[in-house]
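The values are calculated or read from the model by the stated rules, or taken from the named source; none is laboratory data. None of the values given here were measured: they were computed from a predicted structure. FYI the Cβ positions are ideal-geometry reconstructions off the backbone, even for glycines, and counts take in every protein chain you see. Accessible surface areas use protein heavy atoms only, side chains included; no ligands, DNA or RNA. Shrake-Rupley method; radii C 1.70, N 1.55, O 1.52, S 1.80 Å.
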There are 2 protein chains.
Amino acid sequence: MVSEELRETALQLLAARGYDETTVDDIVAAAGMSRRTFHRYYASKEDVVIQLLADLGAEMRAELGGRPESEPPAESLRRAVTVAINFCAGHHDAAKTLAVVRLILRTPVLHARSLERQAGWQADLAAVLAARLNLPVDALYPEVAARLAFVALNTALERWALTDGEADPLELTDRAFEMLAPALAGQGLGEVGG
Amino acid sequence: MVSEELRETALQLLAARGYDETTVDDIVAAAGMSRRTFHRYYASKEDVVIQLLADLGAEMRAELGGRPESEPPAESLRRAVTVAINFCAGHHDAAKTLAVVRLILRTPVLHARSLERQAGWQADLAAVLAARLNLPVDALYPEVAARLAFVALNTALERWALTDGEADPLELTDRAFEMLAPALAGQGLGEVGG
DNA sequence: GCCTCCGATGGCACACTGTGTCAACGGCGT
DNA sequence: ACGCCGTTGACACAGTGTGCCATCGGAGGC
C-alpha cells in the first residue's frame, strides 16, 4: 500500500531528524514519490502522525457506550481509558507506539493537535454520559467526568513515555482513577443519577 | 503602538471574517503596514490571538506560589484558577475577551495552540505543588491535581462562552471545584502532605 | 546647521506547505 | 486494438514565515 510506505518512511525520518527539521519533500524523496501523492493520502505533515490515533476516539466512545447503564460512570470511564491505553501500549509493537507518543509529546505542533483531538473525544464522551444519566441541562458532571478520564489517560501516557516505557501504563491509569474516584462518584453533589 | 494597532485590526478581521478566511495580507492591508512589519511583532497569525493569554500562565503560577504552604492544595489551585477567570471575564472589557475566547474555541488551530499552552502551565503548577508537598518522586498527585485545575478552568470558560457570557464563570469554577474537591483532598491515597 | 548613528520600516527573494488542474501512464474488460 | 478509469506526477498558484538589505527619520554630537 502506498499510504503505508509513505507513513512508515515519514515516521522514521520524523523520529530520526525531528519534526521541524524534516520537510515533506524529504519524506517523498526518501519514499520515491511526488509531493502531490503524499497530500493525496495525508492532508498535512501533521496528519501522518496524528492519523495514527484517528480511531482511538471512536473506540473509546464505543466502549463507553457499550458499558451497562447500571455501572458507575467511574468504572465505565476507566474501561474506556483502558481501551486507549491498550491501543497505545499493548496493541502490536509497543516500542514503535512509544516512539510515536514521544514524538508527539516533544513536538509542540503535534502535541497541540493531539490535545485538540482529545477535546473532541472528550465532548463525545460527555454526550454519552449526559444521555445515560439524566441530569439537569446545566449540570457540569458529564463534562467534568469526561475530562477527568483524559486527565488519567494523559497522566499515564506521559509518565509512560517519560520513563521510556518502564512504568506500566495500565497500573498508572488505575492509580490515577483511584485518585479521581471520589470526584467521579459524586455526580455533581447529590444530583440524581441513572 | 504599532503592535497594538496591528493586534486590534487583526482581532476585528479574524472575528468578523473567520480565521481561515482572513490572510495576514488582509490584516496588514487594513492596518496600512507591510507583512514584514507584522511578523516583526507576531511570529505567526496564531500569535496575534494566543499572545493575549501570554501572561496568564505566569500569573497563575505566581498566585499558586504565593499561597501559604499550610493551605490545602484544593484551595490554592482554586485561587490560581480564579486569577485566570478574572483575567478573562473581569479584567477590562468582558465582551471583548468573550469574543476572543469564542474565536479560539471555534477555530481548531487556535484551540489546539491554547491547549498546548495550558499543558505547559499545567506542568508549571505541578512543579510548584511537587515542591510544596514532599511526596515520593513517582507520586501522581501533583500532576493530576494541576490538571484538575485546568479541567475546572476549561469547563467554566467553555460554558461561559457557550452561553454568550450569561453564566457566571466564577460560580461555574466554584461548582467545578466542589466536584473535584474530594479528589484534590486525597493527596494520592494517604501519602503524606506538607 | 549639518552629519552620523541607529532603530524602525518596507521591499525583495527564498523555502516550505497545501491545493487545483491537467496530462501521462497502466491495467482491465470488451 | 481500443477505450475506460483509477493512480500518479508535473506545474502553477496562494499563503506563510524568514533572511537580507535599502531606506527613512529622529536623536544626539560636532
Task: Whichever residue in the stretch A:1-43 is near DNA strand C (Cβ under 9 Å from one of its atoms) and among the basic types (Lys, Arg) and, among such residues, is least open to solvent (accessible area, probe 1.4 Å) - done: A:35
Open item on the list: Anything in the stretch A:130-148 that is more than 9 Å from every other protein chain (Cβ to nearest Cβ) and surrounded by fewer than 23 Cβ atoms within 10 Å (Cβ to Cβ)? List them, or say none.
Closed with: A:130, A:131, A:132, A:133, A:134, A:135, A:136, A:137, A:139, A:142
- [ ] Out of A:89, A:139, report the one residue that is touching a Phe, Trp or Tyr at 6+ places or on another chain (Cβ under 7 Å) and over 25 Å from residue B:108 (Cα atoms).
- [x] A:89
Open item on the list: Suppose the filter is surrounded by 13 or more Cβ atoms within 10 Å (Cβ to Cβ), among the basic types (Lys, Arg) and touching a residue at least 40 places away in the same chain (Cβ under 8 Å); does residue A:61 pass it?
Closed with: yes
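Every residue, every condition in (1) of a type in the set (Phe, Trp, Tyr); (2) over 19 Å from residue A:166 (Cβ atoms); (3) in a helix (DSSP H, G or I), yes or no:
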residue	(1), (2), (3)
A:81	no, yes, yes
A:95	no, no, yes
A:109	no, yes, yes
A:121	yes, yes, yes
A:125	no, yes, yes
Open item on the list: Restricting to the stretch A:19-57, name every residue that is without any contact (Cβ under 8 Å) to a residue 40 or more places away in the chain and not in a helix (DSSP H, G or I).
Closed with: A:21, A:22, A:23, A:32, A:33, A:34, A:42, A:43, A:44
Task: Options A:151, A:83: the member that is among the β-branched types (Val, Ile, Thr) and surrounded by fewer than 21 Cβ atoms within 10 Å (Cβ to Cβ) - done: A:83
Task: Residues of the stretch A:164-174 classified as surrounded by fewer than 21 Cβ atoms within 10 Å (Cβ to Cβ) and either within 9 Å of another protein chain (Cβ to nearest Cβ) or among the aromatic types (Phe, Trp, Tyr) (or both), total - done: 1
Task: Residue that is crowded, with 16+ Cβ neighbours inside 10 Å and of a type in the set (Asp, Glu), where the choices are A:93, A:55, A:47 - done: A:47
Open item on the list: Let me confirm something: among B:130, B:146, which residue is more than 14 Å from the chain's Cα centre (by Cα) and either touching a residue at least 12 places away in the same chain (Cβ under 8 Å) or assigned to a helix (DSSP H, G or I) (or both)?
Closed with: B:130
TODO: Considering every residue within the stretch B:150-173, establish whether at least one is in contact with an Asp or Glu (Cβ under 9 Å, 6 or more places away or on another chain), touching a residue at least 40 places away in the same chain (Cβ under 8 Å), assigned to a helix (DSSP H, G or I) and basic (Lys, Arg).
DONE: no
